Amino acid sequence: MLSPLFALNKLSYEYQPGKRALADVTLQIMPGEKVVLLGPNGCGKSTLQKLLAGLLFATGGLLQVFGREINERTMGDKAFAAVFRQRVGFVFQNSDVQMFCSSVLDEIMFGPLAMGMTASQARQRAAELMELIGIDGLAGRLPHHLSGGEKKKVMIAAILATNPEVLLFDEPTNGLDPRTQRWMIQLLQQLQRQGKTLITATHCLELVPELADRVIVINEQHRLAADGKAIDILRDKKLLLAANVIDERYHIHAHGTDAAVHIHQEER
Ligand code: ADP
Ligand code: MG
């Protein structure tokens, strides 16, 4: 039997004492799942992803990843933290805060080098990723001088370079032009088909049919509002309205299978 990758038990987080940004979330995520964290702005999606990525530590409740409790002490174990960081890749909403090298090539080689690859192995790995992502032409560029979409592609290449089994994407299509958004969705789908566990945070209901078999809804009280099959969540207009992820104009037509979900936004 498979054991969960992530096991959350009343997981809570406070940036400031007494103000919970995430409250009492209990759930498990299994290997290979395709999950969307859905909820309005400020509900706690990014906070939850940062907890799952071991960048923040629970201020209440418990988080276990790969069967081990994640806290300051366990992540202080350098060997465990290194393995953890290789297994869980997190693509931030804002690529600027995640890039620190002076060339795109260095940025993408950084992870493989940190994993212990030789320079030539890391360069080979970076070349493969740049080709896969379609950014071969950017190798010598300064990451901070790239466009938003290019930066995002560089970050994705850098994260995939260490071949993580879990991928966390925070609002992956935000700020991208329509063609790049479509490219992004197809890439995420391809990664999940390759067996990656995909956890996407978004406030955008339109992404659900594309990127979720399972939807976890977080409400404005920072609590778990629902956790279920994507098709069931999409059909539950009352729940979606209450969670503030749709407004009254939305009509969701779901026919049979997940693939046939159409979301229409009516004119006022
Ligand atoms: P989401 O990603 O769903 O938009 P966030 O996880 O970013 O939500 O934020 C959840 C709550 O935590 C919000 O009320 C937000 O204002 C607060 N918050 C987020 N980051 C910080 C921070 N660094 N310091 C203080 N409060 C924060
Ligand atoms: Mg967010």
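The values are calculated or read from the model by the stated rules, or taken from the named source; none is laboratory data. All figures in this text were calculated on a predicted structure; none of them were measured in a lab. Don't worry about glycine lacking a Cβ; one is built from the backbone with ideal geometry, like all the others, and counts go over all protein chains shown.
In the stretch 118-137, which residues are of a type in the set (A, V, I, L, M) and surrounded by fewer than 18 Cβ atoms within 10 Å (Cβ to Cβ)?
ALA119, ALA127, LEU132
Could you check the stretch 139-153 and list, in sequence order, the residues that are within 28 Å of PHE6 (Cα to Cα) and touching a Ser or Thr at 6+ places or on another chain (Cβ under 7 Å)? If you could, list the steps in order and put the result at the bottom.
Here is the first cut: in the stretch 139-153, the residues within 28 Å of PHE6 (Cα to Cα) are 152-153.
Once the filter is applied, which keeps residues that are within 28 Å of PHE6 (Cα to Cα) and touching a Ser or Thr at 6+ places or on another chain (Cβ under 7 Å), the stretch 139-153 yields only LYS152.
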Failed condition for GLY111, given (1) part of a helix (DSSP H, G or I); (2) touching a helix residue (DSSP H, G or I) at 6+ places or on another chain (Cβ under 7 Å); (3) among the small types (Gly, Ala, Ser); (4) within 16 Å of ligand 1 (Cβ to nearest atom): (4)
message: With of a type in the set (Gly, Ala, Ser), within 17 Å of CYS204 (Cα to Cα) and modelled with pLDDT of 95 or more as the only criterion, which of ALA225, ALA243 stands out?
response: ALA225
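Filter the stretch 81-95 down to the residues that are of a type outside the set (A, V, I, L, M, F, W, C) and in a helix (DSSP H, G or I) and list them by number. Don't jump to the end; show me each part of the working.
Looking only at the stretch 81-95, we keep the residues that are of a type outside the set (A, V, I, L, M, F, W, C), and these are 85-87, 89, 93-95.
Correct list: ARG85, GLN86, ARG87, SER95.
Which one of these is basic (Lys, Arg), within 29 Å of HIS144 (Cα to Cα) and either within 15 Å of ligand 1 (Cβ to nearest atom) or in contact with a Phe, Trp or Tyr (Cβ under 8 Å, 6 or more places away or on another chain) (or both): ARG68, ARG87?
On the way: ARG68 fails: within 29 Å of HIS144 (Cα to Cα).
Selected residue: ARG87, the only one of ARG68, ARG87 that is basic (Lys, Arg), within 29 Å of HIS144 (Cα to Cα) and either within 15 Å of ligand 1 (Cβ to nearest atom) or in contact with a Phe, Trp or Tyr (Cβ under 8 Å, 6 or more places away or on another chain) (or both).
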- request: Output the qualifying pairs, or none if there are none: Cβ atoms under 7 angstrom, residues six or more apart or on different chains, first residue in the stretch 106-129 and touching a residue at least 12 places away in the same chain (Cβ under 8 Å), second residue surrounded by 22 or more Cβ atoms within 10 Å (Cβ to Cβ) and outside any helix (DSSP H, G or I).
  value: ILE108/ALA161; GLY111/ALA161; PRO112/ALA161; ARG125/ALA161; ALA126/ALA161; LEU129/ALA161
Of the criteria (1) within 30 Å of GLN64 (Cβ to Cβ); (2) modelled with pLDDT of 95 or more, which one GLY111 fails: (2)
message: Can you tell me which residue is surrounded by the fewest Cβ atoms within 10 Å (Cβ to Cβ) among those in the stretch 213-239 that are within 16 Å of ligand 1 (Cβ to nearest atom) and part of a loop (DSSP other than H, G, I, E, B)?
response: GLN221
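Just a yes or no: is a residue in the stretch 119-135 aliphatic (A, V, I, L, M), touching a helix residue (DSSP H, G or I) at 6+ places or on another chain (Cβ under 9 Å) and outside any helix (DSSP H, G or I)?
So in the stretch 119-135, the residues aliphatic (A, V, I, L, M) come out as 119, 122, 126-127, 129-130, 132-133, 135.
Checking the rest, the ones that are also touching a helix residue (DSSP H, G or I) at 6+ places or on another chain (Cβ under 9 Å) come to 119, 122, 126-127, 129-130, 132-133, 135.
Narrowing the set further to residues that are outside any helix (DSSP H, G or I) leaves 135.
Yes, there is a match, as at least one residue in the stretch 119-135 is aliphatic (A, V, I, L, M), touching a helix residue (DSSP H, G or I) at 6+ places or on another chain (Cβ under 9 Å) and outside any helix (DSSP H, G or I).
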statement: Flagged pairs (Cβ under 8 angstrom, 6 or more apart or on separate chains; first in the stretch 21-49, under 11 Å from LEU8 (Cα atoms); second in a helix (DSSP H, G or I)) are VAL25/LEU48
field: Criterion: at pLDDT below 95 and within 16 Å of ligand 1 (Cβ to nearest atom) - qualifying residue of GLY18, GLY60, GLY39, GLY44
entry: GLY18
- request: Mind counting the residues in the stretch 9-32 that are outside any strand (DSSP E or B) and within 19 Å of the chain's Cα centre (by Cα)?
  value: 3
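Looking at ASP77, ASP106, ASP24, can you tell me which residue is more than 16 Å from ligand 2 (Cβ to nearest atom) and in contact with a Lys or Arg (Cβ under 6 Å, 6 or more places away or on another chain)?
Working: ASP77 fails: in contact with a Lys or Arg (Cβ under 6 Å, 6 or more places away or on another chain); ASP106 fails: in contact with a Lys or Arg (Cβ under 6 Å, 6 or more places away or on another chain).
One residue alone meets the criteria, ASP24.
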query: Would it be correct to say that PHE100 is touching a helix residue (DSSP H, G or I) at 6+ places or on another chain (Cβ under 7 Å) and either within 16 Å of ligand 2 (Cβ to nearest atom) or of a type outside the set (Asp, Glu) (or both)?
result: no
statement: Scanning the stretch 143-163 residue by residue, the ones that are under 14 Å from MET109 (Cα atoms) and either part of a helix (DSSP H, G or I) or not hydroxyl-bearing (Ser, Thr, Tyr) (or both) total 10
